[in-house]
1. Which entries in the list Lys148/Lys294; Lys103/Lys289; Lys103/Lys294; Lys89/Lys156 go over 29 Å, if you measure between the two C-alpha atoms of each?
2. Mind checking the dipole of the chain: about its Cα centre, +1 per Lys or Arg Cβ, -1 per Asp or Glu Cβ, Debye to the nearest 20?
3. Run the reach check for Lys295 against lysines, Cα to Cα strictly under 22 Å, same-chain hits fewer than 8 apart removed. What comes back?
4. Treating only the Cβ of Lys, Arg, Asp and Glu as charged (+1, +1, -1, -1), what charge dipole size does the range 105-249 show about its Cα centre? Round to the nearest 20 debye.
5. Among Ser250, Ala273, Trp292, which residue has its Cα positioned farthest towards the positive end of the charge dipole of the range 239-294, with +1 placed on the Cβ of Lys and Arg, -1 on the Cβ of Asp and Glu, and the dipole taken about the Cα centre?
6. Find the centroid of the Cα atoms in the range 1-64 and in the range 192-242, then give the distance between the two in whole Å.
7. Using the C-alpha atoms of the chain, what convex hull volume per residue, in cubic angstrom, is computed?
8. Using only Cα atoms, find the angle between the long axis of helix 314-326 and the longest principal axis of the chain, and express it within 0 to 90 degrees, rounded to the nearest 10.
Amino acid sequence: MKVAIAGAGIAGGYLAKLLAQRGISPDLYDGMNHTTRCRCRSCGWGVPRGIETYLAEVGLDLAEYFLNSMSSMNFNGMAAETPLCTVNKPRLIRDLTQGAGLKHQDLGPDEATGYDMVVDATGIARAFLPPCRSDLILSTLQHRVVVKSPGNEHLKAGVYGNRIPGLGYLWVFPLKKNQYHLGVGGVGLASPDRLLDRFYHDSADRFSFTPLCSCTGSLRVASPCQSTPFYLTKTRKNGPPQVIVGVGESIGTVAPFTGEGIVHSLECARTFADCFPDYERYTKSVLSKFTWMKKERETLDYFLSQEGKRQPRLQDRWRLFRNARRSGIGLPMMEAFRQAGPLLHWAEDPDPCF
Ligand SMILES: Cc1cc2nc3c(=O)[nH]c(=O)nc-3n(C[C@H](O)[C@H](O)[C@H](O)COP(=O)(O)OP(=O)(O)OC[C@H]3O[C@@H](n4cnc5c(N)ncnc54)[C@H](O)[C@@H]3O)c2cc1C
C-alpha cells in the first residue's frame, strides 16, 4: 500500500513515526509555508506533562524539549496547581519528522492520486477531506516577548477569560530566558491587538515587554463529532480505490474550551495507527474517546445562540469543572462553576473594553 501523509505538524509527524514502527514507510509532505519566525504554525507550546508517555513511545524524551513549568497558574486572578509546561515545539516537530524523508513541498491533488491512502494531517486547512459538518474556528493573535521587571519579579503563567470581550481567553505562557508567549484567541475577536496592548498597559508598572515576533492564527474547535467525515473512498481511473483519512486538527481533535490540540492530536494519531487499516473502527474510536469535546462544543453553541446569552446552564458549569479536572487543574468546584460567568460577559456587553 502506497501511503502519503499530507502535513508534518504534530499529528502527521507522530503518525509517520508510529507507522514506521509498524513496518509502513509513508511519504511525508509539508511545504512548511509558515510566515512565523519559529517556522511553525502559530501555537502557545503549552502541554500537560503527560505528553511524555506519547514521546517515549517513539523514543523521545520530554526533557529534551522542556522549556518551563506552569505548575502554578493564574486563572482569572485565582492561583491553581496544574501539570502543564511549555515545550520547544519546533524542535519536537523536527525530531518527529527526522528520518521520515520529509518532502519540503505541499502535497497537491495530482501527486495525491498516486497513493492508495492519503492521510489528511493538514490541520486547519483540511486540504483533502470535504468541509466539516459544522465548523467552528477561533481567530488568534500571539506575541513572543521578553519580559523584564525592575524588582526581578516573575510574570506568572496564566489564562484570563475575563480579559476577552467574547468567547475566548488571553494566555501568558513562560518559555525560557525571560521569554513568553502572550496571546489572545476567541470567536470573532474584533481587535486582538488592542486586547494585548491593554494587558501590557495594565502590567506596565511592574513589567516591561519587548516584542520579538507576532503571528496570527486560526484554531478549529468544532470537535470531532462536528468534523465528520473522517474518511472517504475515491475511485481512480486506472487503479484500486483511494482512501483519504483525516488525523489531528483536520478532524477537530482540539479541546473546544481551551484550544489544546497538541496532546489530543498525538492521541488521535496513535488511535489511527492502532486501528489501521480499519477506518470504521478508527472513526468510532475517535468519536468515543473525544465524546467530551462534543459536549464542550455543545456548550459553545449554546453560548453563541440567543438563548445562551442569558445564563450558563448547570451542565455548562459542570463541563467547565470537568474540563479543569481532565486537564489536572486544581480549581475547586465552586470556583470552576464561577468561572463559567466570564464566558458570558460578552452576552451582556459584547465589547466591554472599548
Ligand atoms: C495561537 C494558537 C495557540 C495554540 N496554543 C496551543 C497550546 O499552547 N497547546 C496546545 O495543545 N495546542 C495549542 N494550539 C493548537 C495546536 O497548535 C494544534 O491543535 C495542533 O498543533 C494540531 O496539530 P496538527 O498536526 O493536527 O496540525 P498543524 O500543526 O496545523 O499541522 C498541519 C501541517 O499541515 C501542513 N499542510 C497544510 N496543507 C498541506 C498540504 N496540502 N500538503 C502538505 N502539508 C500541508 C501545514 O503546513 C502544517 O505544518 C494553538 C493553536 C493556535 C492557533
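No value in this document is a laboratory result; all are computed from the given coordinates. In this text, all values refer to a predicted model and were calculated from it rather than measured experimentally. Reconstructed Cβ throughout: ideal geometry from the backbone, glycine too, with neighbour counts over all protein chains shown.
1. Correct reply: Lys148/Lys294; Lys103/Lys289; Lys103/Lys294.
2. Numbers: 42 positive and 34 negative charges, 39 e Å.
Roughly 180 debye, rounded to the nearest 20.
3. Lys284, Lys309
4. Details: 15 positive and 12 negative charges, 54 e Å.
The calculation lands at about 260 debye.
5. Trp292
6. Result: 17 Å between the Cα centres.
7. Working: hull volume 46.3 nm³, N = 354.
Enclosed volume per residue, from the Cα hull, is 131 Å³.
8. So the inclination is approximately 70 degrees.
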